[in-house]
Amino acid sequence: MSILKEIRDAVESGYPKTVETLVRRALEEGVAPKAVLEEALVPAVQDAGDYYRRNESDIPRLLAAARCMRRGLDVLEPHLGGWQYQDLGKVIIGTVQGDLHDVGKNLVAVMFRCVGFQVIDLGVDVTAKQFLKSAREHPDASIICLSSLLTTSKAAMRQVVRLIKESKDLRQRVIMVGGGSVSREFAREIGADAYTETAVDAATLAKELATQGGKPECD
Ligand code: B12
């Protein structure tokens, strides 16, 4: 079995220590960091998400796969400078106030890192004030991502979007929203600039925006 396949299997099975060991071994054997990322870690975590979506897996397994991905990335990150690792700029991400769910938000953050963004992760239960403060502290963060899983936290998401749009100095930032409680229709209604259903789509769209410029419309 190739080492990439071994890494992929270890992530899907949820063994962080094995992932760490295998990623180190792959690098020692001269496997390109980009291949470890794109042909093992990313597809493995995508598979884990798909299994979960199809009810073939459960939350602990999904969390374990996400932890494995993080562990693998920690080993890989110092080596990524060796290839054309893109620097696509900064994004701010957080789960809105009242909501403690972070699995999806963490996956989005990982995917953003994978495509070349630096991620400022504010964590969970993030107030509007904290989002605005962070946006001002990071004037180069072109995208602000809000996650919400609870119907009851949708009001908090609406408030963050409204406050950003009302702030002259912040309204140019792209606001991307997502999470189980959010639909495209809701995203449009509250004035968000972008919505995607999955973490992979979020990173793909953000990369397009960063490389092609312009501001999307949440259609
Ligand atoms: C795991 C879980 C928990 C865990 C959270 C652990 C953690 N660290 O996150 C625990 C046990 C703590 C929990 C607590 C609660 N939970 Co809960 N939880 C879930 C569960 C089972 C899975 C959520 C999850 O992780 N999904 C997997 C991830 C990968 O999916 P995701 O988050 O949707 O993210 C994907 C996309 O949405 C998208 N995405 C996510 N964020 C973003 C952001 C952007 C910008 C973009 C573009 C995309 C994006 O990308 C991700 C991957 O592709 C769901 C049910 C379900 N099937 O969704 C209920 C669920 C979300 N919980 C629910 C409830 C009610 C609660 C509690 C209130 C229960 C209680 N009575 O205490 C508390 C609330 C605590 C709080 N204040 O937040 C309800 C919400 C109902 C509603 N509509 O409001 C759900 C839907 C269960 C249900 N059917 O009733 N929960």
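The values are calculated or read from the model by the stated rules, or taken from the named source; none is laboratory data. Since this is a predicted model, take the numbers as computed values, not measurements. Glycine gets a Cβ as well: all are built from the backbone with ideal geometry, and neighbour counts include every protein chain shown.
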*asked:* For region 32-77, which positions are within 13 Å of the ligand (Cβ to nearest atom) and farther than 15 Å from PRO16 by Cα?
replied: GLN46, ASP47, GLY49, ASP50, TYR51, TYR52, ARG53, ARG54, ASN55, SER57, ASP58, ILE59
_Unmet requirement for ASP140, which otherwise passes all of (1) within 15 Å of the ligand (Cβ to nearest atom); (2) touching a residue at least 40 places away in the same chain (Cβ under 8 Å); (3) over 22 Å from ARG53 (Cα atoms); (4) not aromatic (Phe, Trp, Tyr)_ = (1)
*Assuming LYS105 fulfils every condition listed in (1) in contact with a strand residue (DSSP E or B) (Cβ under 7 Å, 6 or more places away or on another chain); (2) more than 8 Å from the ligand (Cβ to nearest atom); (3) charged (D, E, K, R) apart from one, which condition is it?*
(2)
*Restricting attention to region 22-40, which residues are of a type in the set (A, V, I, L, M, F, W, C) and either farther than 14 Å from CYS68 by Cβ or modelled with pLDDT of 90 or more (or both)?*
LEU22, VAL23, ALA26, LEU27, VAL31, ALA32, ALA35, VAL36, ALA40
*Right, PHE117: buried (at least 23 other Cβ atoms within 10 Å of the Cβ), more than 10 Å from the ligand (Cβ to nearest atom) and not assigned by TED's automatic domain parsing to the domain that holds ARG71 or not?*
yes
*asked:* For region 136-158, give me each residue that is crowded, with 17+ Cβ neighbours inside 10 Å and in a helix (DSSP H, G or I).
replied: SER153, LYS154, ALA156, MET157, ARG158
*The listed residue being in a helix (DSSP H, G or I) and either loosely packed, with under 14 Cβ neighbours inside 10 Å or more than 20 Å from the chain's Cα centre (by Cα) (or both), out of LYS168, LYS133*: LYS133
_Filter result for ALA199 (near the ligand (Cβ under 8 Å from one of its atoms) and touching a Cys at 6+ places or on another chain (Cβ under 6 Å))_ = no
*Out of region 179-192, which residues are on the phi < 0 side of the Ramachandran plot, surrounded by 16 or more Cβ atoms within 10 Å (Cβ to Cβ) and within 11 Å of the ligand (Cβ to nearest atom)?*
SER181, VAL182, ARG184, ALA187, ALA192
*Of all the residues that make up region 173-219, how many are within 19 Å of PHE117 (Cα to Cα), part of a loop (DSSP other than H, G, I, E, B) and modelled with pLDDT of 95 or more?*
3
*Of all residues in region 140-165, which are within 22 Å of the chain's Cα centre (by Cα) and among the charged types (D, E, K, R)?*
ASP140, LYS154, ARG158
*Taking region 98-130 on its own, how many of its residues are part of a helix (DSSP H, G or I) and closer than 16 Å to LEU163 by Cβ?*
3
*Could you tell me whether SER167 is more than 16 Å from ALA199 (Cα to Cα) and among the small types (Gly, Ala, Ser)?*
yes
